[in-house]
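Only one structure is covered here, and it is reproduced in the block below.
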Amino acid sequence: GLELSQCVGTNSLGPTGPWRSGGPCKMKRVRTVFKPEQLERLEQEFLKQQYMVGTERVDLAATLHLTETQVKVWFQNRRIKWRKQSMEQKAAKLSQFGVIQPASADSTDSKDHEEDTVDVEL
């Protein structure tokens with residue numbers, strides 16, 4: 001189930017959803033805590049493929065007793081971590097050979113990652 005924490009603000013006129021109340025105060029969704037077995041399986045699947053869609057995602061969610069949205073968001077967040085690690089490894093290799101990176105190569109385009117950083121359930 002979806003757990004909600006106490007009121008975190010007042011006079012919220014934003015859209016309602018499972019993570020917010022329909023009343024005057026905004027509810028914050030409690031962060032999902034994955035069991036070690038769930039994380040191990042999610043990591044195994046990520047090693048096979050970085051994008052999980054359709055029936056594969058539905059089946060994995062059912063197997064792990066998670067919602068499809070929790071699996072989707074986990075994969076989105078894991079891809080961001082993977083990209084960051086890849087860029088850090090590339091930077092380390094380049095610096096090892098004395099190659100100086102341009103400043104722009106180190107920064108990431110935030111627009112590319114905005115859609116992947118969602119951590120809410122719909």
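The values are calculated or read from the model by the stated rules, or taken from the named source; none is laboratory data. Please read these numbers as outputs of a predicted model, since none were measured by experiment. Ideal geometry is used to build each Cβ from the backbone, glycine not excepted, and the neighbour counts take in all protein chains shown. Surface accessibility is based on the protein's heavy atoms, side chains included, excluding ligands, DNA and RNA. Shrake-Rupley method; radii C 1.70, N 1.55, O 1.52, S 1.80 Å.
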Item to complete: Calculate one ³J(HN,Hα) per residue across segment 74-89 by plugging θ = phi - 60° into the Karplus curve 6.51 cos²θ - 1.76 cosθ + 1.60, and present them in order as whole Hz with x for glycine and proline.
Response: 4, 5, 4, 5, 5, 5, 5, 4, 5, 4, 4, 5, 4, 5, 5, 5
Practice prompt. Calculate one ³J(HN,Hα) per residue across segment 36-42 by plugging θ = phi - 60° into the Karplus curve 6.51 cos²θ - 1.76 cosθ + 1.60, and present them in order as whole Hz with x for glycine and proline.
Written response: x, 5, 5, 4, 4, 5, 4
Discussion item. Given points 7 Å out from each Cα along the Cα-Cβ axis, report the L47 to N77 separation in nanometres with one decimal.
Written reply: 2.1
Item to complete: Give, as a single signed number, the net charge of other residues whose beta carbon lies under 13 Å from the beta carbon of T63, with Lys and Arg counted +1 and Asp and Glu -1.
Response: -3
Practice prompt. Could you please put T67, T32 in sequence from largest to smallest accessible area, using a 1.4 Å probe?
Written response: T67, T32
Fill in: Proximal lysines to K93, defined as alpha-carbon separation beneath 19 angstrom and excluding residues fewer than eight positions away on the same chain
K81, K84
Worksheet entry | Packing rank of 87-97, 73-83, 55-65, where each peptide gets the mean count of other beta carbons within 10 Å, highest leading | 73-83, 55-65, 87-97
Item to complete: First measure r as the distance between the Cβ atoms of V99 and T55, then evaluate 1/(1 + (r/R0)^6) with R0 = 41 Å and state the FRET efficiency to the nearest 0.05.
Response: 0.40
